[in-house]
Amino acid sequence: MSDESEKNIDIFGVPEALLRRAPKYYKYVCKQTEAGSEYISSSELALALGLGAVQVRKDLALLSSVPGHSRVGFDAKLLKLDMERFLGYNNMNEAVLVGVGNMGAALLAHKGFVRCGLKIVAAFDVRKTIQGQIIDDKLVLPMSKMASLIDRLKIKLAIIAVPAPAAQSVCNKLVKAGIKGILNLSPTHIDVPNNVVLHDEDIAAALAILAQKVEDKKES
């Protein structure tokens with residue numbers, strides 16, 4: 001990975017590239033600790049995740065204060081705890097979801113959020129046919145209830161999973177209600193103020209990139 005990519009710094013002063021790699025490290029460490037591993041080495045992590053050993057050692061120095069031991073590596077349980085603190089997984093964050101189509105409904109039922117310290121507490125949709133439904137113990141509410149609930153519960157995170165034409169309007173309403181971090185799953189880019197953190201996740205584009213990589217691998 002080039003040094004230039006590491007210069008992209010997020011609002012917390014941490015390289016964005018590291019923030020993208022950290023959950024992968026954490027997932028692997030969790031898997032190994034659950035399997036009974038007591039120690040994990042940087043070279044093991046590098047091999048498992050397809051990264052350079054030097055890069056992994058640099059990342060671990062930022063992710064954790066756990067000292068490495070020669071020939072055995074890092075204490076797996078302590079490393080896991082440090083990664084949870086770094087990622088904020090030890091503090092449960094609450095979020096709202098806007099858009100309960102197929103993708104939105106799947107997100108409401110997804111159990112992986114809790115492992116990452118995230119809980120979707122409410123969902124909103126403009127369609128009267130879905131309002132009032134309960135999906136995985138979460139009530140789907142009309143959009144008219146969104147601002148008051150966000151304010152009352154002091155919610156700071158939101159997921160947008162609405163059709164592209166509605167994404168910017170929904171974003172504007174969320175920001176006005178006090179949301180400070182948005183995961184945008186709609187197939188379009190949206191604009192936010194400087195004091196709001198936005199992450200666009202274009203699933204179609206990600207699949208296209210994956211397909212291209214598969215083709216490249218077949219030709220090599």
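Mind giving me the FRET efficiency for A164 and A35? R0 is 45 Å, r the Cβ-Cβ distance, nearest 0.05 is fine.
The calculated FRET efficiency here is 0.60.
Considering the options G99, A204, T188, tell which one lies farthest towards the positive end of the dipole of the chain, charges being +1 on Lys and Arg and -1 on Asp and Glu at the Cβ, about the Cα centre.
Comparing the listed Cα positions along the dipole, G99 ranks first.
What residue among S42, S65, S186 has the largest mean-square fluctuation in a Gaussian network model of the chain, using Cα springs under 10 Å?
Looking only at S42, S65, S186, the largest GNM fluctuation is found for S65.
Could you tell me how many degrees, from 0 to 90 and to the nearest 10, lie between the Cα long axis of helix 16-34 and the main elongation axis, the longest principal axis, of the Cα atoms of the chain?
70 degrees
Would you kindly derive the ³J(HN,Hα) couplings of region 67-82 from the backbone phi angles with the Karplus curve 6.51 cos²θ - 1.76 cosθ + 1.60 (θ = phi - 60°), listing them in order in whole Hz, with x for Gly and Pro?
x, x, 10, 4, 6, 10, x, 9, 4, 4, 5, 5, 4, 4, 5, 5
May I ask you to give the solvent-accessible area per residue for the chain, in square angstrom, as obtained with a 1.4 angstrom probe?
Dividing the accessible area of the chain by its residue count gives 61 Å².
So how much slack lies between E201 and E94, counting 0.36 nm per residue of separation and subtracting their Cα-Cα distance, in nm?
The span from E201 to E94 would gain 36.6 nm if fully extended.
Over 20 Å apart: what share of the alpha carbon pairs of region 25-160 falls there, rounded to a whole percent?
56 percent
Could you work out the helix-only [θ] at 222 nm for the chain, with each DSSP H run of four or more residues adding -39,500 (n - 2.57) and the total divided by the number of residues, to the nearest 500 deg cm²/dmol?
Calculated at 222 nm, the ellipticity per residue is -14000 deg cm²/dmol.
Hey, what did the chain get for relative contact order, percent, Cα under 8 Å, at least 6 apart?
Taking the mean separation of contacting Cα pairs over the length of the chain, I get 12 percent.
Want the number for K128 to L47: 0.36 nm per residue separation, take away the alpha-carbon distance, what's left?
The K128-L47 span can extend by a further 24.1 nm.
Could you check the spin-label model distance between D191 and M143? Points 7 Å from the Cα along Cα→Cβ, value in nm.
In this crude spin-label approximation the distance works out to 2.0 nm.
Within straight cross-link reach of K31, meaning Cα distance under 20 Å, which lysines are found once same-chain residues fewer than 8 apart are removed?
Those lysines meeting the cut-off are K77, K80, K111.
Tell me, what % of the accessible area of the chain is carbon and sulfur with a 1.4 angstrom probe?
Carbon-and-sulfur percentage of accessible area, whole number: 57.
Enter the Cα centre distance for the pair region 154-194 and region 34-110, rounded to the nearest angstrom.
Measuring centre to centre over Cα atoms gives 27 Å.
Pull up the DSSP beta bridges for the chain and report the antiparallel fraction as a percent, rounded to 5.
Antiparallel: roughly 25 percent of the beta bridges in the chain.
The values are calculated or read from the model by the stated rules, or taken from the named source; none is laboratory data. Please read all numbers here as calculations on a predicted model, not as lab measurements. Neighbour counts are summed over all protein chains in view; Cβ atoms, including those assigned to glycine, are modelled from backbone coordinates with ideal geometry. Areas reflect the complete protein model, heavy atoms only, side chains present, ligands, DNA and RNA absent. Shrake-Rupley method; radii C 1.70, N 1.55, O 1.52, S 1.80 Å.
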